1. Do any trypsin sites (Lys or Arg not before Pro) in segment 113-200 lie in a DSSP loop with no more than 16 other beta carbon atoms within 10 Å, and if so, which?
2. Between Arg196 and Arg127, what is the label-to-label distance in nm when each label sits 7 Å out along the Cα-to-Cβ direction?
3. Counting only Cα, what are the radius of gyration and maximum Cα-Cα distance Dmax of segment 69-200, in Å?
4. What translational diffusion coefficient, to the nearest whole µm²/s, does segment 125-200 have by Stokes-Einstein, given a Kirkwood radius computed over alpha-carbon pairs, a temperature of 37 °C and 0.692 mPa s viscosity?
5. Thr47 to Ser118: FRET efficiency via 1/(1 + (r/R0)^6), r the Cβ-Cβ distance, R0 30 Å, to the nearest 0.05?
Amino acid sequence: MRARTAARLRLLLAGLLTGLIGACAAPAQPADAGLTAPKTFVSGGITLSAPASNGWALVEESSSGILFAKGTQAASDRFVAKVTHFALPLTESPEALRMRVQSLATEDLDPTRFEVLSEQFRSSDERPYPCVRYQSIAKDKASRAGAAPLLLELDALYCRHPVQREAGFSVIFSHLGPAPYPALRTESEAFIQGVRAPGT
């Protein structure tokens with residue numbers, strides 16, 4: 001059971017990091033972009049709002065989560081905002097949860113593709129259930145020949161589900177582009193705060 005759970009979470013993290021470039025290739029449908037009251041979605045019992053700025057599209061919606069993207073394959077800056085659900089065995093403490101998230105994230109950052117420039121994991125008590133904040137910046141070494149390496153910036157919140165005790169969910173906001181995105185923290189925090197689990 002532990003091996004299957006670890007594999008599923010590793011697949012989640014790897015899919016975000018290595019699939020970010022393709023995620024924005026063909027957005028499916030607008031997600032109420034730019035409205036003062038963004039459209040509300042429900043995914044696995046979790047309520048969330050679509051990102052509020054212009055240009056976002058709903059790319060994927062399934063039992064495992066929901067994904068929004070902004071920017072096409074040809075765009076210099078591409079963004080992904082997603083909520084994902086996964087199995088998460090019980091841990092003894094917030095520190096144990098932080099270490100689990102850290103080990104899985106570290107395992108799945110492909111060193112042949114990405115060079116980590118900075119990363120931070122920290123336990124968070126901002127919600128009434130255990131959470132971990134994760135921030136990182138990595139250089140994408142798979143950029144087109146002759147082009148400057150792209151930067152992958154990631155801002156995320158991983159939490160244990162407050163009702164389903166052996167389940168977790170992640171809220172991830174990321175940017176891929178030639179330079180750091182100045183508004184990343186502001187926009188990611190708005191998306192993260194728009195995600196609410198049941199019973200809280």
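All of the numbers you see were taken from the coordinates with simple rules; none came from a lab. The shown structure was predicted, so the numbers you read here are calculated from the model rather than taken from an experiment. Because the Cβ atoms are built from the backbone with ideal geometry, glycine has one as well, and the counts that use them run over all protein chains shown.
1. Answer in residue order: Arg113, Lys141, Arg144, Arg165.
2. 1.3 nm
3. Rg then Dmax for segment 69-200, in Å: 15.7, 51.
4. In µm²/s, the coefficient rounds to 234.
5. Result of the calculation: an efficiency of 0.40.
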